[in-house]
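Before any comments, here is the structure.
The values are calculated or read from the model by the stated rules, or taken from the named source; none is laboratory data. Remember, predicted model here, so these are calculated numbers, not experimental data. We place every Cβ from the backbone using ideal geometry, glycine too, and count neighbours over all the protein chains shown.
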Amino acid sequence: MCIKNKPLEREERQEYKYNIIRYYPKRETEEFINIGILFNEDMLLLSKETVIKSHCPFMGDLDKLLGVLQYIEDNRDSFIKKTHYWHNFDFTEDRFFVSDKKDKQALIQELYDFYVKK
């Protein structure tokens, strides 16, 4: 990435790691919904309002999905450390990108908008 045709210096860029949190309404079909982003020590999940507004049959039982989101929020620390697993959700493998942006909230929002909010 260049700014005003000036190549970025290596020290101006930083590598970031993230994971996508996926919910499987029916694990046996292997179909999933991206419900959140795990980014460094932060996590951004679908809101209850978004789920209710955009719910469709593919998303499975609405109450179950809302319960999963609440469960994840209630156990936020163990999810951020990726030490908590359940059969209806999973984390993607570690993914990496390099950016010159320093605003981590803006970066997690970009990831959320790209992978979850679509």
Checklist entry - How about the stretch 59-118: which of its residues are part of a strand (DSSP E or B) and polar (S, T, N, Q)? => result S99
Item to check | Selection within the stretch 10-46 - farther than 23 Å from G67 by Cβ and without any contact (Cβ under 8 Å) to a residue 40 or more places away in the chain | outcome: R10, E11, E41
Checklist entry - Could you count how many residues in the stretch 71-96 are modelled with pLDDT of 90 or more and surrounded by 12 or more Cβ atoms within 10 Å (Cβ to Cβ)? => result 1
Checklist outcome for this item: Of the residues in the stretch 1-45 that are touching a Phe, Trp or Tyr at 6+ places or on another chain (Cβ under 9 Å) and surrounded by fewer than 11 Cβ atoms within 10 Å (Cβ to Cβ), the one that is modelled with the lowest pLDDT is E30
